[in-house]
Amino acid sequence: MSDLELAVDGAPVVAATGWTLSWIERSDGIARVTDGSRSEVCLVEGAGSDWVVTLRGRRIPVTVRSWRERVLADAESAARQAGGPVEIRAALPGLVVGVAVEDGAEVGEGAVLLTIEAMKMQNEVRAPRAGRVSSISVAAGQTVVAGASLLRIE
Amino acid sequence: LRKDVADPPPPFRRLLVANRGEIAVRVMRACRELGIETVAVYSDADVDALHTRLADRAERIGPAPAAESYLNSEAVIAAARRAGAEAIHPGYGFLSENAAFARAVEEAGLVFVGPPPETLASLGDKLAARRAVAAAGVPIVPGLLVPLVAGAGDGVTAEVAAVGFPGLVKAAAGGGGRGMRRVDRPDQLAAALEGAGREALAAFGDGTLYFERLIAPARHVEVQLLGDRHGNLAVLGERECSVQRRHQKLVEEAPSPAVTASIRESLAADARRVAGTVAFHNAATVEFLLDADGNHYFLEMNTRLQVEHGVTELVTGLDLVAWQIRVAAGERLTESVLANEPRGHAIEVRIYAEDPHHDFAPVAGSVTAWRMPAGPGVRVDAGVGAGTPLAVEYDPLLAKLLVHADGRTAALARLRRALDETIVGGVQTDLSFLRWLVDEPGFVAGAYDTGLVAERWAGGPELGADERSLAALAALEARLSAEAERASAVEPAPTRPAHTQPGSGWAARGRAEAVNHRRSR
């Protein structure tokens, strides 16, 4: 019925057949899915091609893309992979307890860059690829919010 | 308005709540019912928080980091003075077990809703408490009664070897699982001492450690007490708290499915003995470990309100927070409190902004949709609402959902129904874990111990094919219906002022308020 492609965690998926969706509160994204006998309430949030469906309490990221949107997105991510600078960001809010590298240091893939303590757990942030460290913007003892820029790898 | 009986005078005219989130809201509700005016304190992160808005009056106490606001004794006491409060309720966490704070409150001429400062000081030292409790004839977990000093080499002294392995290294000033390490073999002790010592020093400013035998499998069972200034002590039954991650509780129920009438009797007797080792006039909890043979061992005593106090309130019908305040003002516990017999079964589940599929790591973000359950036997204590940004500085507890029914089976059915009605958007929560738990055969049978989360949940089940395809269907329908709406719009929407743009949080909050307004009419 539509040329939209569906994927969960990057893996293609087919929409459930025999199930229908009806909105309970459209403005909040609360809906009911039913196959005629069983039904579940879920929450649908998002826009464009990026959606998150909360089903049975679990957030499931779903990509809904036309063929054209997918080709554009793939080209963009290929350009990123090709060696452009990578911004390393904090995945969690927490306290920087140690920075293991200096500006200009050459690191291999998987090298420990810094350690962030969140909820009593020490989380090591590792290099996603080999490269040279630049723009370190945090120091030990500093609190960071989720998504805060930590350093770059070029 | 016509009143046949005059209300009793309130225990205090005005009370300051030195806390935030759901517990601050909970204390204010009790104050409202007692006719006490409420004063909130807030940090810069909580200017718009629920507790700040609910109070009769709110005082700023500092920047977002807890050390500069909710843990700042001087700022809290200064706020109480400015606001003309007569008493301070500390809630749980933050300053609630800080003896210096309790002393400073009294020295400022205010009433601390809690035990005397000396009691907090003596209970804060877990080693001293172990010694006192053992002397009173209550069984304690076998282990050291003195601080652990590392021996040469691998650190294992004759005393440690006598306790045996596996064991636990614990912080003398500890609590909440901090400064605690499991040690399975002697060669792991040195590393455990180093890690636990560093953690304890950072968390409590005291790196003193001790060593005790690991009781496993074990259940965590605690007894609720309530004392007044006249020597009366009410024992209000037990709570089962074995569903834990990181040694912190996620689910609690009363009564415990593992506690028989005879175990209950000996728990109550030993809880009284433990209470006899200190002076207190407040709500208090004595925590025990229960082993597979039904033997119990004293763990620790807390003379403050517990997060999970609500399950005891549901089975006893008592308002523990109101009683904390009344006994702080000098009132006597009544005969109906002292002779209370718990009734039915209650279960509490804690809704955290944590990802149970990734080690229950806390998550950041804003709450978008927020639907809490209602109906018979359901209680929700929440500290957030739709549109609330989550302050990363604080505990990620969003709300507690409690149910009460005649028996455990009915309570579980009620909990399943309530969880089905619950929707939280914007952030991953532990609701997926909780929905798994209520169908987990061991939990349903009441046969579980503190290993449940680590052993049976692990990281949780993989996302199933049916869940993927249902989510895909929902997302597809959402995109198609959004596109259909846009196509059918006859004219372009007018430009809206920035603060009403979707996604700013204000829109969601405004909607929620409009809905509440409609409902309240």
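Every read-out reported here was derived from the displayed coordinates using simple, explicitly stated rules and does not represent laboratory data. Fair warning: this is a prediction, and the values are worked out from it, not measured in the lab. Reconstructed Cβ throughout: ideal geometry from the backbone, glycine too, with neighbour counts over all protein chains shown.
Between B:Arg60 and B:Ala161, the modelled labels are 6.2 nm apart [label points 7 Å from Cα along Cα→Cβ].
The count of lysine pairs in chain B whose Cα atoms are under 29 Å apart, excluding pairs fewer than 8 places apart on the same chain, comes to 6.
Per residue of the protein assembly as shown, the DSSP helices (runs of n ≥ 4 H) give a summed -39500 (n - 2.57) that works out to -8500 deg cm²/dmol at 222 nm. Inter-chain Cβ neighbour count for A:58-67, averaged per residue, equals 6 (cutoff 10 Å, partner chain atoms only). This model, with +1 at the C-beta of Lys and Arg and -1 at the C-beta of Asp and Glu, gives the range A:16-154 a dipole about its Cα centre of some 420 debye.
Net charge in the neighbourhood of B:Glu68 (other residues with Cβ under 10 Å of its Cβ; Lys, Arg +1, Asp, Glu -1) is -2.
Any idea how far the Cα center of the range B:309-344 sits from the one of the range B:198-249, in Å? Using only Cα atoms, the two centres lie 21 Å from each other.
Taking +1 at the Cβ of each Lys and Arg and -1 at the Cβ of each Asp and Glu, which of B:Phe165, B:Met180, B:His296 sits farthest along the dipole of the protein assembly as shown towards its positive end, judged by Cα position relative to the Cα centre? The one lying farthest along the dipole's positive direction is B:His296. Fewest neighbouring Cβ atoms within 10 Å first, the residues B:Trp436, A:Trp51 line up as B:Trp436, A:Trp51.
The order of B:Glu485, B:Glu421, B:Glu467, going from fewest to most other C-beta atoms within 10 Å of their C-beta, is B:Glu485, B:Glu421, B:Glu467.
The residue list B:Ala49, B:Leu398, B:Gly317 was ranked by how far each Cα lies along the charge dipole of the protein assembly as shown toward its positive end, using unit charges on Cβ atoms, and B:Gly317 comes out on top.
Neighbours of A:Gly98 by Cβ distance under 12 Å: Lys/Arg scored +1, Asp/Glu scored -1, total -2. Per residue of peptide B:477-487, the mean number of Cβ atoms on other chains within 10 Å of the residue Cβ is 5. Of the peptides B:280-286, B:374-380, the ranking by mean beta-carbon count within 10 Å, highest at the top, reads B:280-286, B:374-380. Computed over chain B, the convex hull of the alpha-carbon atoms projects to a mean area of 28.6 nm².
Counting, for every residue in A:29-40, the Cβ atoms of other protein chains within 10 Å of its Cβ and taking the mean gives 2. The gain in end-to-end length when the B:Asp187 to B:Ala445 segment is fully stretched comes to 89.0 nm, 0.36 nm per residue minus the alpha carbon separation.
Spatially, the range A:90-146 and the range A:1-36 are offset by 39 Å when compared through their Cα centroids.
Listed peptides B:21-27, B:43-49 appear in the order B:21-27, B:43-49 once ranked by packing, highest mean of other Cβ atoms within 10 Å at the front. Relative contact order, whole percent, for the range B:223-303 stands at 30, derived from Cα pairs under 8 Å and 6 or more residues apart. Relative contact order, whole percent, for chain B stands at 12, derived from Cα pairs under 8 Å and 6 or more residues apart. Distance from the Cα centroid of the range B:378-414 to that of the range B:423-475 is 17 Å (rounded to whole angstrom).
Between B:Asp48 and B:Thr409, residue separation times 0.36 nm minus the direct Cα-Cα distance comes to 126.0 nm.
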